[in-house]
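Accompanying notes for the structure given below.
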Amino acid sequence: MSSSPFTLYPSPCACIFDLDGVLVDTAKYHYLAWKRLAEELGFYFSKADNERLKGVSRMASLDILLEVGGITNLGDREKSTMADRKNAWYVEYIAKMTPDEILPNALDFLHELKTAGIKIALGSASKNAGMILQRVNITSFFDAVIDGNKITNAKPDPEVFLLGARELGVQPTECIVFEDAAAGIEAAIRAEMKCVGVGDPDILRRADIVIPGFQSFSWDKLLSLMKQDCFAANVARNDDEKQSSSNKQINN
Ligand code: BG6
Ligand code: MG
């Protein structure tokens, strides 16, 4: 008998996807808009600075940007005006998105899940998630859409994923989360869900497995990894990170 403490295999029944950085690359648009705001405020905001904003809520992102610019003592009203300005620019950019901007093979993977009868939810911090789903024409894949308008606590709080499971009518332990941000992986762990990191294994080392993207990834491959107990291997994650990040990367 497997020593896995997880109930997921053999019957996972739901997948919950983060949006930005997992299904589409909107980080570049966030960057353009934040950089524009920084320029207005008189400082340069680098791509490296922008990395710190991934998975972080809008207002928390603004706080990081102001910290980079050394700007302190702004009131809530001023900050809210700045965040609105940034968002207006961001919305201009994403309003021009097309289905071509779905990340490689992500659409095929969504089709496979649908065919396999797997429920699908979105679990995103973005208040613009609905618009992005529409622009890239994937709204119909989702049985539940949880975005920044529905939650009060940002990742790493598990609220977004727990609400996703609830709206899908499944248990958290039946869900697999796909995430590109460390805060999102932490949220999945706190929700007692399995998680697939999409991106850099050094950043996503708390994920059960890490894939570089959906190229050559498939539902069958995921099931096969579960059979091999790859997801159970991460029992060490709460035990002083015994597992090195490199040996959990799955090179699709
Ligand atoms: C997350 C992004 O998905 O959404 C963050 O990774 C962003 O960078 C956050 O700040 C909030 O997005 P929005 O669209 O509500 O400003
Ligand atoms: Mg993301």
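The values are calculated or read from the model by the stated rules, or taken from the named source; none is laboratory data. For clarity, every value in this text was computed on a predicted model and none was experimentally measured. No Cβ is skipped: glycine too gets one built from the backbone with ideal geometry, and neighbour counts run over all protein chains shown.
For this structure, a couple of remarks:
- The residues of segment 117-135 that are surrounded by 21 or more Cβ atoms within 10 Å (Cβ to Cβ) and within 16 Å of ligand 2 (Cβ to nearest atom), listed by number, are Ala121, Leu122, Gly123, Ser124, Ala125, Ser126, Asn128, Ala129, Ile132, Leu133.
- Among the residues making up segment 177-197, those that are away from ligand 2 (no atom under 16 Å from the Cβ) and either of a type in the set (Asp, Glu) or in contact (Cβ under 8 Å) with a residue 60 or more places away in the chain (or both) are Glu192, Lys194.
- For segment 85-106, the criterion of being crowded, with 19+ Cβ neighbours inside 10 Å and away from ligand 2 (no atom under 16 Å from the Cβ) is satisfied by at least one residue.
- Those helices (runs of 4 or more DSSP H) of segment 45-101 in which at least 1 residues are modelled with pLDDT under 95 and over 20 Å from Leu23 (Cα atoms), considering only elements entirely within it, cover 47-51, 58-68.
- Within segment 151-179, the residues that satisfy the criterion of being within 16 Å of the chain's Cα centre (by Cα) and charged (D, E, K, R) are Lys155, Asp157, Glu159, Glu179.
- Of the criteria (1) of a type outside the set (Lys, Arg); (2) more than 9 Å from ligand 1 (Cβ to nearest atom); (3) in contact (Cβ under 8 Å) with a residue 12 or more places away in the chain, which one Asn50 fails: (2)
- Members of segment 130-149 that are more than 12 Å from ligand 1 (Cβ to nearest atom) and either assigned to a loop (DSSP other than H, G, I, E, B) or of a type in the set (D, E, K, R) (or both): Arg135, Val136, Asn137, Ile138, Phe142, Asp143
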